[in-house]
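First up is the structure itself, then whatever we jot down about it.
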Amino acid sequence: HSIADLKAFFTELFGRISLQSQMHRQQQEDEIVARVKETVQKRYMEPGLSLSSIAQDEETTAEVLGDLFRLAEGLSVAKYINQVRFDHARELLLSTDLSVAEIAQRTGFSNAQYFFTLFKASFGQTPSEYRHADGGEAQLV
């Protein structure tokens, strides 16, 4: 074998190793993002749920986990947590007679006023207006 043949062989070999490494890393990152989403779905009602608490569970830093999640999902972990909480809050608003304060508490918002303000900013109407309009056309603004 010539030097050129050996060079071509090793270039191809290292290319394959690099590709396999990238694929393995992508798979690991996908699994981490899936675990984050699963954690949020299971624990959205906990007021202390945050990027930091999830990162601690994943044994990584909040910065690394936040960047990974944002890159994969196009939004921050905090926004995803609120999105999941609002999905459940909207469901409770339409399917129960619970007070707005009780719904805020059950969906992980430690402060009913913060829930009210964030809900109105996100959907363009108050939780009570949303309830009375039966969900109407409320979309994230």
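Can you send over the carbon and sulfur percentage of the accessible area for the chain, probe radius 1.4 Å, protein chains only?
53
Treating only the Cβ atoms of Lys and Arg (+1) and Asp and Glu (-1) as charged, compute the dipole magnitude of the chain about its Cα centre; round to the nearest 20 debye.
Dipole magnitude for the chain comes out near 120 debye.
Which order do peptides 33-46, 79-92 fall in by mean Cβ count within 10 Å, highest first?
By packing density, highest mean first, the sequence is 79-92, 33-46.
Return the lysines within reach of residue 42: Cα separation strictly under 20 angstrom, same-chain partners fewer than 8 residues apart disregarded; answer none if there are no such residues.
Candidates past the 8-residue exclusion: 79.
Just need the Rg to Rh number for the chain, please, alpha carbons only, Kirkwood Rh.
With Rg and the Kirkwood Rh in hand, the quotient comes to 1.26.
At q = 0.13, 0.15, 0.24, 0.27 Å⁻¹, what log₁₀ I(q)/I(0) does region 1-78 have when each alpha carbon counts as one equal point scatterer in the Debye sum?
Evaluating at q = 0.13, 0.15, 0.24, 0.27 Å⁻¹ gives log10 I(q)/I(0) of -0.51, -0.60, -1.08, -1.24.
Can you order the peptides 11-19, 56-64 by their average number of other Cβ atoms within 10 Å per residue, highest first?
Ranking, from highest mean packing down: 56-64, 11-19.
Summing -39500 (n - 2.57) over the DSSP H runs of n ≥ 4 in the chain and dividing by its residue number, what mean residue ellipticity at 222 nm do you reach, to the nearest 500 deg cm²/dmol?
-24000 deg cm²/dmol
Mind checking the per residue accessible area of the chain for me, 1.4 Å probe, whole number of Å²?
66
The values are calculated or read from the model by the stated rules, or taken from the named source; none is laboratory data. Everything quoted here is computed from the prediction, not taken from an experiment. Positions of Cβ are generated from backbone atoms using ideal geometry, with glycine treated the same way; all protein chains shown enter the neighbour counts. What goes into the accessible areas is simple: the full protein's heavy atoms, side chains included, and nothing from ligands, DNA or RNA. Shrake-Rupley method; radii C 1.70, N 1.55, O 1.52, S 1.80 Å.
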